[in-house]
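The values are calculated or read from the model by the stated rules, or taken from the named source; none is laboratory data. Just so it is clear, the structure is predicted and the values come from calculations on it, not from any experiment. Here the Cβ positions follow ideal geometry from the backbone for every residue, glycine too, while neighbour counts run over all protein chains shown.
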Amino acid sequence: MCGIVGYVGHREATDVLIEALKRLEYRGYDSSGLATLSTGRGKGRLRVLKSPGYISALEKRIKTGSSRIGISHTRWATHGVPNEVNAHPHMDGEQNVAVVHNGIIDNHLALKRELARKGHEFLSQTDTEVIPHLISEEYRHNGGNLFEAVREVVKRLKGSYAIVVLHRDHPDILVCAREKSPLVLGTGVNEGFIASDVTALLRYTNRFIFMEDGEIAKVAADGIHIEKISGGTVAHEWTRVDWSLEDAEKGGFKHFMIKEIFEQPRSLHQSQTGWRSDENSIPADLATARIIRIVACGTSYHAGMVGRYLFEKFTGLPTIVSMASEYRFADATSDDPLMIFITQSGETLDTIMAAREARSRGLKTVAITNVVGSTITRETDLTLYMRSGPEIGVAASKTFTSQLMMMYLFSSYLGYRMGYIKRDDLNSIKEHLRHTIRSVEGILNNTGPIREMAEWFSGSSSAFFLGRYVNYPAALEGALKMKEISYIHSEGYPAGELKHGPLALLTEKTPIVALVAGDHTYEKMLGNIGECSARGSPVVAIAPDGDVEIGRYTDRVLHYPRVDPLFSPIPISVLLQLLAYYTADHRGCPIDKPRNLAKSVTVE
Ligand code: G6P
């Protein structure tokens with residue numbers, strides 16, 4: 001959480017810092033700020049500007065700019081309420097050093113006490129503020145070497161950080177360092193960039209270096225120098241990222257989320273065609289696994305839950321799905337599972353720490369991620385890419401369906417390599433997936449009934465989403481989408497569990513969304529719909545085209561183009577994304593930036 005940017009070069013720094021920061025707003029948006037070093041009148045003075053609220057509020061406070069170097073930050077509060085004082089950048093007492101930080105400094109209280117004894121005074125409630133104070137102490141003692149001062153300070157920090165440091169006596173360099181929080185460096189002609197991720201910088205460059213944990217860098221307009229914090233230089237390859245600026249812009253849509261929902265035929269196609277090259281990278285020894293464990297958070301966890309049914313079906317192997325935040329604290333078993341980590345961003349700290357631990361136990365580890373060069377790719381033996389393109393809306397949409405696509409492709413391929421399913425089966429699964437993409441197109445071409453349903457739905461305050469088998473996780477994901485963007489309390493349930501408690505909550509004001517596929521769960525789902533209707537709850541059935549039976553159980557039906565039921569979570573999820581989106585839009589919610597949330601959760 002939190003987005004950070006640094007710039008040094010020939011452009012007006014304020015413009016770059018704001019423009020790039022806006023693209024990181026998905027990482028946190030409760031307050032923001034920037035620090036620049038003025039090059040015109042008042043040369044050599046650090047100018048800091050902060051504001052609570054969205055970046056647009058900060059932008060309004062900017063009067064003029066005349067600087068070629070600066071840092072900026074958008075915050076997702078961890079320590080201290082989101083106000084102007086707690087917003088970054090933070091400075092030392094003499095206002096020589098400005099720091100932006102993403103992460104949490106676990107030992108900040110001890111450091112603060114130590115600094116207070118030396119006479120330092122603190123203005124904010126943040127953990128970050130100790131960093132500029134420590135740097136200013138160290139800088140004074142080492143005779144003015146900023147790089148070494150930052151190095152000595154970060155050696156003392158415990159926890160997670162990506163920081164960028166600007167010093168008033170060094171108008172040509174920024175110093176940055178990372179430990180467990182992401183940081184990329186970019187370069188142009190006579191300019192250098194730092195950011196939390198590549199989307200921030202696509203307007204300026206597509207050449208990046210992904211910094212690794214334990215590294216510190218000096219970024220100047222004429223070059224970048226990286227060392228290990230513990231000492232010794234590091235040579236990184238530049239990585240070219242093919243995402244275009246258009247991919248990261250709204251392109252005429254009202255929100256990123258609806259644009260990303262509509263991109264799904266393309267993103268799904270990219271995931272499927274890209275798989276061909278990934279297939280060849282899968283080592284033969286993965287097929288010797290006897291048990292599979294999938295670990296993920298949030299929406300990615302729901303994709304993993306669908307994956308569980310698919311791995312069991314196509315490989316015959318027992319498959320366990322764990323939330324990363326829980327897996328890490330459970331006792332290790334004596335099994336030797338193949339570990340699969342699903343993370344869209346590749347930066348979710350709980351997932352990364354789980355992968356690190358699994359690897360340290362000698363387990364085989366595979367990452368499924370969307371972001372080239374993200375941290376998870378360095379924590380696992382193998383990375384499989386989703387290729388969805390950048391996703392900016394905080395609520396995941398196209399990356400979820402791409403993750404589902406990856407689950408179908410990976411599980412069936414592994415099953416084929418194990419000899420559990422045949423080449424013909426594999427080919428047929430791929431054909432079903434192509435057909436599923438066409439079904440998604442069909443939904444997107446006919447959103448009218450979903451919009452109407454959303455209008456009705458938007459008056460609710462509590463709802464239940466029910467599904468069985470592969471559509472049980474689809475129900476969880478549908479409920480998650482609805483609650484996070486529309487703020488309607490929504491719960492996903494396996495339909496058969498309803499009688500064990502939730503039924504007590506049903507009234508005529510509690511809509512039920514029931515996911516129906518024409519599989520072996522069909523009759524049971526109809527029974528569950530009947531149970532809800534009998535309690536007076538309005539039921540919205542999501543059913544395949546041509547299902548006439550369903551009309552006898554409820555008159556509220558949204559149809560999706562029929563697919564083989566095993567693949568129905570993909571079209572059903574797209575339909576539920578639209579239902580959540582239009583409901584939230586009707587309620588006037590800030591869809592791309594739901595309150596209190598962030599897209600990339602880099603704290604534990
Ligand atoms: C946050 C996001 C979710 C996402 C989850 C896991 O909660 O808001 O959309 O599913 O993190 O993120 P990951 O990048 O690991 O898939």
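When the residues of segment 173-182 are narrowed to those that are out of contact with any Gly (no Cβ under 6 Å at 6 or more places or on another chain) and modelled with pLDDT under 95, which ends up surrounded by the most Cβ atoms within 10 Å (Cβ to Cβ)? Filtering segment 173-182 for residues that are out of contact with any Gly (no Cβ under 6 Å at 6 or more places or on another chain) and modelled with pLDDT under 95, the one surrounded by the most Cβ atoms within 10 Å (Cβ to Cβ) comes out as Pro182. Within segment 314-326, restricting attention to residues that are aliphatic (A, V, I, L, M) and under 24 Å from Ser600 (Cβ atoms), the residue that is farthest from the ligand (Cβ to nearest atom) is Val321. From the list Phe341, Phe311, Phe329, the lone residue that is among the aromatic types (Phe, Trp, Tyr) and within 15 Å of the ligand (Cβ to nearest atom) is Phe341. Of all residue pairs spaced 6 or more apart or on separate chains, those with beta-carbon atoms under 9 Å, a first member in segment 140-162 that is among the polar types (S, T, N, Q) and a second member that is assigned to a loop (DSSP other than H, G, I, E, B) are Ser160/Asp106; Ser160/Ser181; Ser160/Thr602; Ser160/Val603; Ser160/Glu604.
At least 1 residues that are within 22 Å of Met91 (Cβ to Cβ) in each: list the strands (runs of 3 or more DSSP E) lying fully within segment 136-224 that qualify.
On the way: elements: 159-167, 173-179, 184-188, 191-195, 207-210, 215-220.
Because the criterion is at least 1 residues that are within 22 Å of Met91 (Cβ to Cβ), the strands (runs of 3 or more DSSP E) in segment 136-224 that meet it are 159-167, 173-179, 191-195, 215-220.
Scan segment 232-283 for residues that are among the acidic types (Asp, Glu) and in contact with a Leu (Cβ under 6 Å, 6 or more places away or on another chain) and jot them down. Asp278, the sole residue that qualifies. Of the residues making up segment 546-589, those that are more than 30 Å from Glu431 (Cβ to Cβ) and part of a loop (DSSP other than H, G, I, E, B) are Tyr553, Thr554, Asp555, Arg587, Gly588, Cys589. Assessment of segment 385-398 against the conditions (assigned to a helix (DSSP H, G or I), touching a Ser or Thr at 6+ places or on another chain (Cβ under 7 Å), within 16 Å of Lys599 (Cα to Cα) and within 15 Å of the ligand (Cβ to nearest atom)) yields at least one matching residue.
Could we say that Ala110 is over 27 Å from Ser51 (Cβ atoms) and modelled with pLDDT of 95 or more here?
On the way: over 27 Å from Ser51 (Cβ atoms): yes; modelled with pLDDT of 95 or more: yes.
Yes, satisfied.
Restricting Thr351, Thr377 to residues that are without any contact (Cβ under 8 Å) to a residue 40 or more places away in the chain and either within 14 Å of the ligand (Cβ to nearest atom) or within 17 Å of Asp278 (Cα to Cα) (or both) narrows the list to Thr377. Could you tell me whether segment 175-185 includes any residue that is among the small types (Gly, Ala, Ser) and free of Cβ contacts under 8 Å to residues at least 40 places away in the same chain? No - not one qualifying residue is present in segment 175-185.
In the set Ser600, Ser573, Ser568, only one residue is more than 16 Å from the ligand (Cβ to nearest atom) and either among the polar types (S, T, N, Q) or closer than 30 Å to Ile105 by Cα (or both); that residue is Ser568. Scanning segment 83-107 for residues that are within 29 Å of the chain's Cα centre (by Cα) and surrounded by fewer than 21 Cβ atoms within 10 Å (Cβ to Cβ) gives Asn83, Glu84, Val85, Asp106, Asn107. Name the residues in segment 334-357 that are within 19 Å of Arg308 (Cα to Cα) and at pLDDT 90 or above, would you? Passing the criteria: Pro337, Leu338, Met339, Ile340, Phe341, Ile342, Thr343, Gln344, Thr351, Ala354, Ala355.
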